[in-house]
Amino acid sequence: MLGALALSVLLVVTVDQTYGHSTLAFAAAIALLLVANAPMLRFNCGRCGKNVFFRGPFVVPWPNRICTRCGHDLDTG
Ligand SMILES: [Zn+2]
C-alpha cells in the first residue's frame, strides 16, 4: 500500500513535469490507490470477519496481529 502511494505520487510528479499540471494524472493516481486498497479491504478476521486494518475508528496501513474485536490470533490464521 505504501509502495502504491509512493508510485502514485511519482506518477503525478512525473506527468506534472512532462505535460504540465494534469487532472488526468491525479485521476490515475486515485484509481491506482483504490486498486491497491481493494485487497486490503477484503482482509478480515477468520473468526468474526472484522477487518484487520481497523483499530477502533482508525485505519492503519499494517494489519493487526490480534483481532481487536474477538482476540483471535491472526498470525496463525
Ligand atoms: Zn475477530
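Laboratory data are not the source of any read-out in this text; all were calculated from the coordinates shown. All of these numbers come straight from a predicted model, not from anything done at the bench. With ideal geometry, Cβ positions are generated from the backbone for all residues, glycine too; neighbour counts draw on all protein chains shown.
The table below gives the values:
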quantity	calculated
Pro61, sole failed condition from (1) surrounded by 12 or more Cβ atoms within 10 Å (Cβ to Cβ); (2) in contact (Cβ under 8 Å) with a residue 12 or more places away in the chain; (3) of a type outside the set (S, T, N, Q); (4) more than 16 Å from the ligand (Cβ to nearest atom)	(1)
Considering residues of segment 30-49 that are loosely packed, with under 11 Cβ neighbours inside 10 Å and in a loop (DSSP other than H, G, I, E, B) only, the residue farthest from the ligand (Cβ to nearest atom)	Arg42
Enumeration of residues in segment 42-77 that are polar (S, T, N, Q) and in contact with a Lys or Arg (Cβ under 8 Å, 6 or more places away or on another chain)	Asn44, Asn64, Thr68
Test result for Val52, without any contact (Cβ under 8 Å) to a residue 12 or more places away in the chain, closer than 23 Å to Ala4 by Cβ, aliphatic (A, V, I, L, M) and within 16 Å of the ligand (Cβ to nearest atom)	no
Tally, over segment 64-77, of residues that are near the ligand (Cβ under 10 Å from one of its atoms) and either in a helix (DSSP H, G or I) or of a type in the set (Asp, Glu) (or both)	2
Asp16 more than 16 Å from the ligand (Cβ to nearest atom), acidic (Asp, Glu) and surrounded by fewer than 14 Cβ atoms within 10 Å (Cβ to Cβ)	yes
Members of segment 1-13 found to be surrounded by 10 or more Cβ atoms within 10 Å (Cβ to Cβ) and in contact (Cβ under 8 Å) with a residue 40 or more places away in the chain, listed by number	Met1
